[in-house]
Amino acid sequence: FNLARSDFFAQRGVLDDLLPASTGIGMPNRSGAAIVAGVLALRSRDGRARVIQVPSPLQGPATSYRSSFSRAVEIERAGFRHLLVSGTAAIDPRGRTAFPGDVGPQVALTLDIVEGLLASRGMGWADVIRATAYFPDPADARHLASGLADRALPPFPMAVVRGDVCRADLRFELEVDAAVPA
């Protein structure tokens with residue numbers, strides 16, 4: 001998937017500009033399609049919309065291990081800021097899997113990473129408007145429930161689904177959208 005995405009982006013000049021926030025998850029779909037995608041496109045009619053790439057305070061850029069996506073992207077428009085956090089997993093600053101195969105510590109680190117991204121934009125968990133948590137084994141979702149409870153996080157809309165994450169030794173991935181007034 002990473003190679004196909006990078007080739008597609010290279011052919012269309014996307015690698016020369018802001019890389020999108022992105023999540024790549026393997027799972028079946030109702031139509032049996034090889035790939036299903038959702039896209040958010042933005043065109044500012046008045047030139048006041050702003051889109052920026054947001055680096056992760058706790059991870060290196062995904063491009064350092066030849067993956068073509070931004071850790072997060074922020075859109076500022078119409079009086080609010082919308083942060084789109086890419087599918088985030090327990091990947092260390094050098095691009096290696098942290099705690100290979102150990103879901104509990106991977107959940108904790110992933111929550112730390114997402115919290116760092118939110119905080120870097122003046123946001124917190126209370127500003128989350130949508131989240132999707134992916135587990136190859138749905139039984140592992142109990143680790144997320146524990147991690148959220150341990151942090152006493154406010155409730156936010158989240159879907160927990162079974163999906164194959166980007167590496168076989170990763171047991172959890174989380175994508176998040178947050179929004180605040182500008």
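For the chain, give the magnitude of the charge dipole about the Cα centre (Cβ charges: +1 Lys/Arg, -1 Asp/Glu; no others), in debye to the nearest 20.
Here the chain has a charge dipole of around 460 debye.
Ordered by 1.4 Å accessible area with all protein chains kept, His143, His82 run largest first as His143, His82. Helix-only arithmetic for the chain: the sum of -39500 (n - 2.57) across DSSP H runs with n ≥ 4, divided by the residue total, places the mean residue ellipticity at 222 nm at -6500 deg cm²/dmol. Taking every pair of Cα atoms in region 110-176, average 1/r, invert it to obtain the Kirkwood radius, and report Rg/Rh to two decimals. With Rg and the Kirkwood Rh in hand, the quotient comes to 0.96. Contact order for the chain, expressed relative to its length and based on alpha carbon pairs under 8 Å spaced 6+ residues apart, stands at 25 percent. Inter-part distance, region 106-182 to region 76-90, computed on C-alpha centroids, equals 13 Å.
Which of Gly122, Gly32, Gly163 moves the most in a Gaussian network model of the chain with Cα springs under 10 Å? Per the Cα network of the chain with a 10 Å cutoff, Gly32 tops the list. Computed with a 1.4 Å probe over protein heavy atoms only, the accessible surface of the chain comes to 55 Å² per residue. For the chain, the alpha carbon positions stretch 47, 36, 36 Å along the principal axes, listed from largest to smallest.
Is region 1-70 best put as rounded, prolate or oblate by its Cα gyration tensor, with a ≥ b ≥ c the root eigenvalues, rounded for a/c under 1.5, and otherwise prolate when a/b is larger than b/c, oblate when not? Cα axes put region 1-70 in the oblate bin. Remark: spin-label model distance Asp16-Asn29 equals 2.9 nm, labels positioned 7 Å along the Cα→Cβ axis. Working note: Cα gyration tensor of region 54-109, eigenvalues times five, square-rooted, sorted largest first, giving semi-axes of 25, 14, 8 Å. Surface composition of the chain: carbon plus sulfur atoms hold 55% of the accessible area, using a 1.4 angstrom probe and ignoring ligands, DNA and RNA.
Where in region 29-78 are there trypsin sites (Lys or Arg not before Pro) that are in a DSSP coil and have at most 15 other Cβ atoms within 10 angstrom of their Cβ?
Numbers: sites: Arg30, Arg43, Arg45, Arg48, Arg50, Arg66, Arg71, Arg77; in loops: Arg30, Arg43, Arg45, Arg48, Arg66, Arg71.
Here the trypsin sites (Lys or Arg not before Pro) that fit, given the DSSP loop and packing criteria, are Arg30, Arg43, Arg45, Arg48, Arg66.
The values are calculated or read from the model by the stated rules, or taken from the named source; none is laboratory data. Remember, predicted model here, so these are calculated numbers, not experimental data. Every residue, glycine among them, receives a Cβ derived from its backbone with ideal geometry; neighbour counts consider all protein chains shown. Note: areas computed on protein heavy atoms with side chains; ligands, DNA, RNA excluded. Shrake-Rupley method; radii C 1.70, N 1.55, O 1.52, S 1.80 Å.
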